[in-house]
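The values are calculated or read from the model by the stated rules, or taken from the named source; none is laboratory data. On a predicted model such as this, the values are computed, not experimentally measured, just so you know. Cβ placement follows ideal geometry from the backbone for every residue including glycine, while neighbour counts extend to all protein chains displayed. For accessibility, only protein heavy atoms count, side chains too; no ligands or nucleic acids. Shrake-Rupley method; radii C 1.70, N 1.55, O 1.52, S 1.80 Å.
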Amino acid sequence: MPPPARPDNGGNKPPPAKRIKPSDNTTNGNEAIVAEQHAGAGIIQRAWEHYRNFIDGDGGSGAPVEEVDEEVEDELCNGGGKNDNGHGNGGEVMPDRQAGEEAAGEGEEEQDEDGDDGGDVDELLELIEILSSTTDAVSPPLPLCNDPDDIASRQSLSDTNALLSILLSMSYLHLASHAISETMFDPDTANGQDEKEEEASSKEQQENKDISSSTPDNYFQQSLHYWPTNPAAHSLLANYHRMNSLSSTQYICEHYVKAAKYASCWRRIALDFLQSGTDEEEKDDDEEEELLDGVINAKEWVELLVLNGALDVDYIGGDEEEEEEEDDEDASNGGKDKKQPTMEESTEEYSCSQVEATASFMSAFLLSILSKHEEALPHLKKFQLSHRIHPNIWKEAQSSHGGNNGTCKSICAESKGERRQACDGKPHANNESATYPFFPPRLYHGSRATTNNGCGGVIPTPLYKRLCKLLAPNAQYWKESDYNHRGYYSYFIDLDAPATSDDSSSSNTKTVRECPTNIIEDVIVNHLLPLAEFTLQESTKSTSSSSPPRIVGAEWWAHTRPLGANLGHQIHFDTDESLLGREKKVTHPIISSVLYLTGCKRNGTDGTTPTDAAVAGSTIVFDQTPSSQEVAPQAWVSHPRDNSFMNFPGNLLHGVLPCAGGRGIADQNGNKDGNLSKDKEEEVNRLTFMVGFWTRNVAEGMGERDLYTPCGPLPPATSEHSWVIESQVGYSSNDAKEDKKEQTQQQQQQQNVFDMLPSVSPAWDKLDGKAIKSPITTSDGPALTIPKGLDHRFFVWNAPHCFSESLYDK
C-alpha cells in the first residue's frame with residue numbers, strides 16, 4: 001500500500017506548538033530524585049524531546065511509513081508494466097509486492113538508501129529506555145474506544161499516563177515500520193541471500209523459538225500493548241502480514257476492520273478534545289498553554305501523536321485572508337459578535353483520516369474475497385461510489401472448477417453456433433464491431449494427443465519449461481529490466497520483418513514469421529499466433545468479410561505476482577499507449593491474450609481439479625468497450641490453468657481479481673489466527689505472459705523507440721541484458737531450424753481444444769448513494785478517498801464512463 005501522505009508544512013497548516021525545552025536542572029539535577037518522581041517532568045521532557053527529534057528527522061510527520069512497494073505504485077505503476085493482461089491506463093497499476101511493491105496505505109514517500117523512513121531510530125530507543133527507567137511511568141492500557149462519544153476515551157487524553165502510553169505505542173510502531181523497511185530495502189534481503197546463508201539463518205530461527213525483540217511482530221505487540229486501539233498499528237500490522245503471506249485472510253481482514261473502526265472513533269474524539277475550551281475566552285497569543293503535570297502540552301501531543309501519527313489527519317483550515325478579515329472585524333467590535341466554531345465546523349477543518357481510508361478500503365476488499373459482501377457495504381459507503389463488481393463475479397472467480405465444470409471440449413468450426421449459445425449467446429452490441437470482431441472469450445488447452453490427463457498445454461513441455469525458467473520469479477529478466485521500479489513496458493515484434501541472427505555466417509532472408517530467432521518469437525509465432533488466427537477465422541465466418549484481418553505484429557509483456565500477497569490487477573483497456581499520448585486516439589489490438597505459465601497446477605484424471613497449491617487469481621473480461629454508454633451486462637471469468645492460453649476481443653474491458661492464495665487454504669482449514677508455515681507453502685508465483693495481436697505495425701508511427709517503454713524493441717544481446725542471450729540459445733544456427741519446422745507442422749496438425757469461458761450476469765452491482773454530489777461528507781467528517789495506489793477499479797464512481805475517461809489520465 002502506498003505510504004501515508006505527509007502533512008503539508010506550508011499553506012494553511014498552523015505552526016507546530018511551542019517546543020518544550022528541558023530545564024537546566026533536568027540535566028544537572030539529581031537523577032535519583034527524577035527517578036523517584038511519578039513520570040517526573042524531567043523524564044517526560046527528555047522523552048518528548050527525543051520523539052520530536054525523530055519526527056523532525058522524518059520530515060515533520062508523526063505518521064509511520066507503511067511498506068513501500070511497488071511501483072511505488074506510479075502511484076502504483078507496477079513495475080513491469082502493463083496490468084495483467086493489459087496496458088492499464090498509462091501504467092497506473094499497482095504492482096504487488098515482488099521485492100516490495102505496493103505501499104500500504106496512505107500516500108507515497110521516498111525512502112533513504114538504508115531503508116529508514118527518515119527519522120533516527122536511536123531517538124526512539126532512547127525514549128523507550130528513559131520511560132522504562134521508572135516502573136510507574138505508564139498506566140494500564142487506554143480505554144477501548146468503541147464509540148466516538150466514549151467519555152472515558154476523551155478524558156484519557158487529559159491524563160498524563162495515558163498520553164505516555166500513546167507515546168510509547170507510537171514509538172514502537174515507528175520501530176516496526178523501520179524494521180519492515182530494513183527488510184524491504186536491504187539488497188541482500190531483497191535480491192536473495194546465498195542459499196547456505198539462508199539455510200543457516202533458517203536453522204537459527206528454528207532453534208530460537210522466542211520472537212526477536214527487533215522483529216516487526218514484536219514491535220507491533222508492544223505498540224498494541226500500550227494502546228490496544230491504535231489504528232495505525234492495526235493497519236500496518238495487517239498490511240505487513242498480507243504482503244508477506246504471514247497469516248490468513250480472515251486474520252488480516254479483522255485487523256483492517258479494527259483499524260477502520262478505531263480511526264473513525266479516535267478522529268472524532270481527538271478533534272472534540274482539541275475543540276474543548278474554545279467557548280472560553282481566548283488566551284493571549286503569548287500566554288502559555290495549560291500543561292499537564294506542569295510539563296505536557298496535551299493538545300500538542302494529541303495533534304502530533306493521535307491526529308498526525310495514528311490517524312494521518314492533516315489540518316486543512318480555511319482561507320487565511322478570510323480568517324484575518326474576521327479577526328479584524330472582531331477586534332473592531334470588541335469581540336462581542338465573535339462566534340465560536342461548532343464541532344462540525346471544527347471537524348471540517350481537518351482532512352479525513354488516511355489510515356481510515358486505507359483500512360476501510362482494505363476491509364471491503366478482503367471481505368469481498370471472503371464472500372462477505374454485505375459486511376463490505378458499510379465500508380464502501382464511506383467512499384463516493386456508484387458501482388462495485390457484482391458479488392456473483394467474485395463467487396465465480398473463486399470457484400475451483402469454473403462454469404463449465406472444467407471439462408475440456410474439442411470444438412471444430414462447424415459447431416460455432418452451438419458454442420455461442422452454450423456461452424450465453426447474447427449478441428455483443430457496440431459500434432466497434434466492424435473494426436474489432438466479437439467472439440466469446442475462450443481458454444485453449446492444446447491437443448489431447450499431447451496430454452497425459454485429457455487437457456494438455458498449448459506449449460510443448462520442453463519449450464514450456466524453458467519459458468518458465470526464463471521468466472521465473474528469480475530470473476535475470478526481472479532484475480535486468482528493473483521490473484519492480486520501472487513504469488510499464490512491453491516489446492513489439494514485427495512478424496514480417498527480416499529474421500536477424502547473431503550468427504554472422506548465416507544468410508537467412510526469411511521473416512520472423514517464418515524463422516523465429518529466440519524462444520519468445522518461437523512461442524508466439526508457432527504456438528500462440530495459430531490459435532489467435534483460428535479464433536479470428538471463426539469470428540468472421542458469420543460476417544460478409546471474405547477473410548479475417550491479417551495479424552502483422554505482436555506486442556508482449558509478462559507479469560509475476562506472489563500468490564495471495566497481491567491485490568489482483570486494475571480493470572483497464574489494452575491500448576496503443578504511444579498513439580494515445582501523441583494523438584489522443586484510442587486503438588486496441590485485434591486480440592488480447594494471456595498465456596498462464598504458473599500458479600495453478602492441476603491433477604486428477606481430467607486435469608481440472610486444482611492441487612493443494614494456491615490457485616492464481618482469475619482474469620475477468622467485461623462485455624464493455626470505451627464507447628459503451630451502460631455498464632457491462634455480463635462478464636466472462638477465466639480460471640487460470642498452467643500452460644493454457646486465453647484470448648478475447650482486444651477492445652474489451654478486463655482485469656484480474658485476487659485470490660486468497662496460501663492464506664485461502666489456511667482459511668478453509670480453519671487457521672484464522674495463526675501464522676502460515678512457509679515450508680508447507682509452494683513458492684510459486686502467478687506468472688503470466690501477455691500478447692496483444694495487432695493488424696497494423698504499431699512501431700512504425702513511434703519514431704525512435706527506447707528500451708523498456710511501451711512497444712519498445714528487444715534489448716541487445718549483451719551482458720547487461722543476459723536474459724536476451726539466454727532466450728536466443730538454440731536459435732542462432734541452421735541446425736535448429738528443422739526442429740522448429742517439425743514443431744510447427746505438429747502444431748498445425750493438432751486439434752484445437754478449448755473451453756468457452758463461463759459468463760456471469762449482471763457484472764456490476766449498483767450501490768446506493770449514486771446521486772450524491774461531490775464533495776460529500778459522512779457523519780464524522782469528509783468522505784473518504786480510495787488511496788490511488790490501491791484503486792484497481794473494483795469499486796468505482798460514474799461507471800461506465802470512469803473507465804474510458806481513465807484512458808486520458810496521465
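Observations
- Residue check for Pro530: open to solvent by 10 Å² or more (accessible area, probe 1.4 Å) and modelled with pLDDT under 90: no
- Hits in segment 585-615 - residues which are at pLDDT below 90 and of a type in the set (D, E, K, R): Lys601, Arg602, Asp606, Asp612
- Among residues of segment 458-485 that are in a helix (DSSP H, G or I), those with a Cβ under 8 angstrom from a residue that is at pLDDT 95 or above and aromatic (Phe, Trp, Tyr), sequence gap 6+ or separate chain, pair up as Leu467/Phe689; Leu470/Tyr477; Leu470/Trp723; Gln476/Trp723; Tyr477/Trp723; Glu480/Trp723.
- Filtered residue count, segment 462-493, keeping only those that are among the aromatic types (Phe, Trp, Tyr) and open to solvent by 20 Å² or more (accessible area, probe 1.4 Å): 2
- Lone unmet requirement of (1) at negative phi; (2) at pLDDT below 90; (3) surrounded by 14 or more Cβ atoms within 10 Å (Cβ to Cβ) for Gly781: (1)
- Candidates Asp673, Asp574, Asp642, filtered to the one that is modelled with pLDDT under 90 and assigned to a loop (DSSP other than H, G, I, E, B): Asp673
- Among all positions in segment 184-193, there is at least one residue which is in a helix (DSSP H, G or I), open to solvent by less than 60 Å² (accessible area, probe 1.4 Å), modelled with pLDDT under 85 and closer than 30 Å to Tyr477 by Cα.
- Of all residue pairs spaced 6 or more apart or on separate chains, those with beta-carbon atoms under 6 Å, a first member in segment 793-810 that is closer than 17 Å to Ile389 by Cβ and a second member that is among the β-branched types (Val, Ile, Thr) and open to solvent by 30 Å² or more (accessible area, probe 1.4 Å) are Ala799/Val631; Pro800/Val631.
- Extreme residue, least open to solvent (accessible area, probe 1.4 Å), among residues of segment 227-242 that are of a type in the set (Ser, Thr, Tyr) and either over 17 Å from Ser171 (Cβ atoms) or part of a helix (DSSP H, G or I) (or both): Ser235
- Here Ser506 fits the description: surrounded by 14 or more Cβ atoms within 10 Å (Cβ to Cβ) and at pLDDT below 95.
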